[in-house]
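Worksheet: one structure, shown below.
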Amino acid sequence: MRELITRERMTAAVLYGKRDVRIEQIPIPRVGPGEVLVRIKAALTCGTDLKVYRQGFHARMIVPPAVFGHELSGVVEEVGEGAESFAPGMRVVAANSGPCNQCFYCERHLANLCENLQFINGAYAEFIKIPESIVRQNLLILPDNVSFHEAALVEPLACVLRAIEKTEIEEGDTVVVIGIGPIGLMFVQVLKSMGARVIALGNRGSQLTMASAMGADYVVDSTKSNVVEEVRKVTGGRRGADVVIEAVGSKETWQQAMGMVRRGGTLNLFGGCPSGTHIPLDSTLIHYSEITIKANFHHTPRHIREALDAIHRGKLKARSLITGEEHLASLGTVLERLLNRNGDIKIAIIP
Ligand SMILES: [Zn+2]
Ligand SMILES: [Zn+2]
């Protein structure tokens, strides 16, 4: 007999407010038509979760007390009516959202901007219920050689792959990556696998070392130098970079990014700034230098598939981005440690 039938409750991390997370017993979600219950095997910490933990909520989707965490993989536990393409025991990864496929944006292949995007949160728990739209489009079966830890990277990697595709980077291009947290390090790895020359900028020694180890051709410590000058110096005699990817999300780094790109080059402002942030534009730079400015928000089902494929084929050394593993009961301690910038990249939380 399946264990679940005899159990009503599960262990989960519940966020109560600023830096207040408690491990509690809460009801195991019940699946309805089209839904799937997944037993979580790994949930990865992420910058968004850290932000949510620090401020105690997420303006758009997490009102405490609430479960949180959104990068997960696991095993199918229970399948709702109509979701029979999945069966208990299957190893799966779920993206953190599913588009509606019917709105203006979905019809124009911009599922990342879907007006009815359905998000899930609650990866820091024993089980999570995957809603129908995600089951239908963004719940994927894992190839045998992909571990649960690696699979849980699919969601952030999908955002990175979409940004690279949109930015139209070519082999041999010089690309600056500003910010080398987990996302920036993924950019470094994927860009190197494409044959780009990568200049990585960061403000922590441990990250700079990692960026070098992952193939960055040149690293710049942003606490020690005038970063715009430094990048200009190493790009064709002050020409500037072909492409600049900003993966921090601050006013200062968005402005720096604009100063580093060459004439006719492209910026991808990947890092989202706090709402209400306004940034002045140098019109001369934009007009006479023909700078193209792009941005990236979220992912689409196609990029989720491409991300899993990239991990499967070893294009991303997924293991190198997960620097530790901790039990769910230690989540609060882990998040505190990450807030104190201890040198970890991502930690796998195991229920
Ligand atoms: Zn994330
Ligand atoms: Zn839609």
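For Gln102, neighbours were defined as the other residues whose beta-carbon sits under 13 Å from its Cβ, and their charges (Lys and Arg +1, Asp and Glu -1) total 0. Holding the Cα-Cα limit at 30 Å, pick out from Lys18/Lys224; Lys224/Lys346; Lys166/Lys233; Lys18/Lys129 the pairs that are longer than that. Cα-Cα > 30 Å for Lys18/Lys224; rest within.
Each stretch of four or more DSSP H residues adds -39500 (n - 2.57); spread over every residue of the chain, this sum gives -8500 deg cm²/dmol at 222 nm. Exposure proxy for Met194, Met214, Met186: other Cβ atoms within 10 Å of each Cβ, ordered fewest to most, give Met194, Met214, Met186.
About its Cα centre, the dipole of the range 130-194 is roughly 160 debye, where the only charges are +1 on Lys and Arg Cβ and -1 on Asp and Glu Cβ. Here the chain is treated with +1 on each Lys and Arg Cβ and -1 on each Asp and Glu Cβ, and its dipole about the Cα centre works out to around 660 debye.
Between the helical axis of 301-312 and the dominant principal axis of the chain, each derived from Cα atoms, what acute angle in degrees is found, rounded to the nearest 10? Between the helix axis and the principal axis of the chain, the angle is about 90 degrees. Per residue, the convex hull spanned by the Cα atoms of the chain amounts to 135 cubic angstrom.
Under the combined filter of DSSP loop state and at most 16 neighbouring Cβ atoms within 10 Å, the range 219-269 retains these trypsin sites (Lys or Arg not before Pro): Lys224, Arg238, Arg239. Relative to the dominant Cα principal axis of the chain, helix 182-193 is inclined by about 70°.
Scaled against 2.2 N^0.38 Å for its residue count N, the alpha carbon radius of gyration of the range 271-330 is 1.83. Taking 15 Å as the straight-line reach from the Cα of Lys294, the aspartates and glutamates in range (excluding those fewer than 8 positions away in the same chain) are Glu165, Glu168, Asp242, Glu246. Ranking Cys100, Thr223, Gly172 by how far each Cα lies toward the positive end of the dipole of the chain (charges on Cβ) leaves Thr223 at the top. I'd like to know which of Met214, Gly82, Val261 lies farthest towards the positive end of the charge dipole of the chain, counting +1 on Cβ of Lys and Arg and -1 on Cβ of Asp and Glu. Highest projection toward the positive end goes to Val261. With springs only between Cα atoms under 10 Å, which of Glu155, Glu325, Glu81 fluctuates most in a Gaussian network model of the chain? Highest fluctuation among the options: Glu81.
Each 5 Å bin from zero holds the following percent of Cα-Cα pairs in the range 209-301: 3, 12, 20, 25, 21, 12, 6, 1, 0. Taking the Cα centre of the range 105-243 as origin and assigning +1 to Lys and Arg Cβ atoms and -1 to Asp and Glu Cβ atoms, the resulting dipole is close to 440 debye.
In the chain, the DSSP beta bridges split such that about 55 percent are antiparallel, to the nearest 5. State whether the range 56-117 is rounded, prolate or oblate according to the following rule on the C-alpha gyration tensor (a ≥ b ≥ c being the square roots of its eigenvalues): a/c under 1.5 gives rounded; otherwise a/b larger than b/c gives prolate, and the remaining case gives oblate. Oblate. Which residue, chosen from Pro29, Gly69, Thr48, occupies the Cα position most advanced towards the positive end of the dipole of the range 1-96, where the dipole is computed from +1 (Lys, Arg) and -1 (Asp, Glu) charges on Cβ about the Cα centre? Value computed over the given set: Thr48. Here is the list for the range 279-345: trypsin sites (Lys or Arg not before Pro) lying in DSSP coil, each with at most 12 other C-beta atoms within 10 angstrom of its C-beta, are Arg313, Arg341.
Only the coordinates and a few stated rules stand behind these numbers; no lab work does. Quick caveat: nothing in here was measured; it's all calculated off a predicted structure. Glycine gets a Cβ as well: all are built from the backbone with ideal geometry, and neighbour counts include every protein chain shown.
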